[in-house]
Every structure is written in structure tokens, then in C-alpha cells.
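Enquirer: If you scroll down you'll find the structure; I have some questions about it.
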Amino acid sequence: MIAVITGDIINSRAEDVSLWMPVLKKELQKIGERPKDWEIYRGDSFQIKTTPALALKTALELKAVIKEFKTLDVRMAIGIGEESYLADKITESNGTAYVNSGECFEELKKQTIAIKTPWEDFNTVLNLLLDVLVLTIDNWTPNYALLIKESLANTTITQKELAQKLDKKQSNISTSLKKAGFDEIIKILDYYNSQTKKLC
């Protein structure tokens, strides 16, 4: 089983592409090699291949990276399934993971993140959790996005260390993480991880 994330940048023309594109590429390079594991196409769309275990965390990290730009956001669909054809380019590979990701992306309306897997009950519960979560994460300020990005990149970092790294007061870090929904993100990631371990 693999996971495929299909996404695009919302309001991509509102910011200078030379500012956000290198940041997006740098984040994607952590995932794997281009064009086998990820590719950017049509200027502001992308596709990523990862493991089911890492898919949701990867999507949330990408959300945080893009939301550091005040006028930008990102829409993403996670598909979990099989890979029946492996090409040199991810955009030419095929299988149920790719189909699920593509179909899920086409069905995105007001949501900015959703998932489609072979397990309907899991889809229903997780998409409901994600619908509630986006009420918070779609409204991240650039400062909240930076804070979440750093916290997700190193989940063992203490608030004191985070405050030192970002040159902020620890009390401000604590308040901002609460407002940015970090506790809820961790709970949803824990639920997602426990379920994908069972199902995959």
C-alpha cells in the first residue's frame, strides 16, 4: 500500500512565484526524488508519493509551509491504495492509490484537505475530523503556520526550546499552539496512525 497526495496552491498568482516555489520544492525534496516521488505540474499543482503512515503528517506540514505566505493556501487530497504501475515519473504511475487521490481531489469543494481509502468507515470518520480541523488550520496566520511547521518537524521539541529557536516568549508559544489547534492535530494524527497500522 502507498499514499498519493494530489494538491494545488490556492491564490498562487497573489504571491510572487519566485518566493513560494523554492519553499515548496525544499519541502518536497524532504519526501524523496523528483520526478519519481514528487512532481510539480501546471505551475501550481503537485503530486507526491509517500507511505500511508506519513501521508497525513506530510499534508499538514505542507499546509503549514504554504500558510507562512499570508495570501496563499493549499488544497490536498490523500489517496491510499495500491500501485499497479510504477513509471519513472509519478504523474505517469498508476494504481488505486492514484485513482483514489485523483477522485478525492475532484470532489474537493470547500474542503482544503480530504482522504479516500479502500475503507469507507475510516474515510467517513477521518474526513469528519478533517472538516472540523480545517475550521482552525485554514485560518492560520503566518506566525501560527511557522510554529506548527517547527512543532511537526520535531515533535520532541519542548516549548522552551521552540521559544529559544524562534526568539519568542514561552508563554506566547503555549498560547499560540493552543489557538493554532496543535493538540487537536496531534490527537488526529495519533488516531490516523493507529488506524492505518491496523488497516494497512
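Enquirer: Looking at (1) more than 16 Å from the chain's Cα centre (by Cα); (2) buried (at least 18 other Cβ atoms within 10 Å of the Cβ), can you tell me which one S101 breaks?
Expert: Of (1) more than 16 Å from the chain's Cα centre (by Cα); (2) buried (at least 18 other Cβ atoms within 10 Å of the Cβ), only one is false for S101: (1).
Enquirer: Kindly check whether there is at least one residue in segment 93-102 that is hydroxyl-bearing (S, T, Y) and either modelled with pLDDT under 95 or more than 15 Å from A3 (Cα to Cα) (or both).
Expert: The answer is no, given that none of the residues of segment 93-102 is hydroxyl-bearing (S, T, Y) and either modelled with pLDDT under 95 or more than 15 Å from A3 (Cα to Cα) (or both).
Enquirer: Now for a different question. Where residues in segment 37-60 are modelled with pLDDT of 95 or more and assigned to a loop (DSSP other than H, G, I, E, B), which of them is farthest from S18 (Cα to Cα)?
Expert: Of everything passing the filter in segment 37-60, T51 is farthest from S18 (Cα to Cα).
Enquirer: In segment 150-171, how many are open to solvent by less than 80 Å² (accessible area, probe 1.4 Å), of a type in the set (S, T, N, Q) and in a helix (DSSP H, G or I)?
Expert: So the count comes out to 3.
Enquirer: Before we move on, is L108 farther than 19 Å from L189 by Cβ and aliphatic (A, V, I, L, M)?
Expert: Answer is yes for this residue.
Enquirer: A follow-up question, please. Return the residues of segment 67-98 that are of a type in the set (A, V, I, L, M) and touching a residue at least 24 places away in the same chain (Cβ under 8 Å); say none if nothing qualifies.
Expert: Within segment 67-98, L72, V74, M76, A77, I78, I80, I90, A97 qualify.
Enquirer: Taking only pairs six or more apart or across chains, which ones have beta-carbon atoms under 9 Å, a first residue in segment 177-200 that is over 18 Å from I137 (Cβ atoms) and open to solvent by 40 Å² or more (accessible area, probe 1.4 Å), and a second residue that is part of a helix (DSSP H, G or I) and charged (D, E, K, R)?
Expert: N193/K57
Enquirer: Another question, then. I need a count of the residues in segment 46-79 that are under 20 Å from D190 (Cα atoms), of a type in the set (V, I, T) and within 10 Å of the chain's Cα centre (by Cα).
Expert: Adding up the residues that qualify gives 2.
Enquirer: Checking T141 against (1) closer than 20 Å to M76 by Cα; (2) exposed (fewer than 14 other Cβ atoms within 10 Å of the Cβ); (3) more than 16 Å from the chain's Cα centre (by Cα); (4) polar (S, T, N, Q), which test does it fail?
Expert: Single failed check for T141: (2).
The values are calculated or read from the model by the stated rules, or taken from the named source; none is laboratory data. This one's a predicted model, so the numbers in the text were calculated from it and none came from an experiment. Note that each Cβ is placed from the backbone with ideal geometry, even for glycine, and that neighbours are counted across all protein chains shown. For the accessible areas, the whole protein counts, side chains as well, though only heavy atoms, and no ligand, DNA or RNA atoms are used. Shrake-Rupley method; radii C 1.70, N 1.55, O 1.52, S 1.80 Å.
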